[in-house]
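Engineer: Just passing along the structure, written as structure tokens.
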């Protein structure tokens, strides 16, 4: 029996089940099979069969075209301390040791890339820093995911007093800016 990790193969030992579990994933689908020690005679024979099946399964799965994953941002704010996912209250320590409070904003403009910026309470005041952070976050989401995300954002944050009761009339596209193609908007207070 091999004790080191086997890609795609897991050992299952419970009160009544002993064997090797083989699985592979492709495009959200799982293909799996269990190889019982009892059925194959012993633990080593079951592992040998599991390896054969795994190699065949991996070869089959590798021939299937990989579908690109759909990108969908997390916008639900049920667990967010500010009411907006990607906007957090943060205390930063400056070079001279002072603590500065700000709203930090994070977003993903493309897969595997995360960006962030912050808006200082001292520089803008708490409410203006929050408004700027939310507007910045929403603009970046619209840049990354297109104008269709705007309705989801409005629906998710409708009635949230902290975000000034968002409704579609509070967002304005600025057609004069080059951001009109990107569907930029500003939160009107």
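Engineer: Ordered by packing density, taken as the mean number of other Cβ atoms within 10 Å over each peptide's residues, highest first, how do 80-87, 56-63, 119-126 rank?
Structural biologist: On the way: 80-87: 18.8, 56-63: 12.4, 119-126: 15.1.
Ranked by mean Cβ neighbours within 10 Å, highest first: 80-87, 119-126, 56-63.
Engineer: What do you get for Rg/Rh over the stretch 9-63 if you use C-alpha atoms and the Kirkwood form of Rh? Don't skip to the answer; put the middle values down first.
Structural biologist: Details: Rg = 11.7 Å, Rh = 11.5 Å.
Result: Rg/Rh = 1.02.
Engineer: List residues of the stretch 6-20, by number, whose backbone nitrogen lies under 16 Å from a label position 7 Å along Cα→C-beta of residue 45.
Structural biologist: The answer is 18-20.
Engineer: For the residue pair residue 115 and residue 60, what label-to-label distance in nm results when each label sits 7 Å from Cα along the Cα-to-beta-carbon direction?
Structural biologist: 4.4
Engineer: Follow-up. Order these peptides, 128-139, 5-16, by their mean beta-carbon neighbour count within 10 angstrom, highest first.
Structural biologist: On the way: 128-139: 21.2, 5-16: 11.3.
Going from most to least packed, we get 128-139, 5-16.
Readers should treat all values here as calculations from the given coordinates under stated rules, not as data from a laboratory. Please read all numbers here as calculations on a predicted model, not as lab measurements. Glycine also receives a Cβ, built like all others from the backbone with ideal geometry; neighbour counts cover every protein chain displayed.
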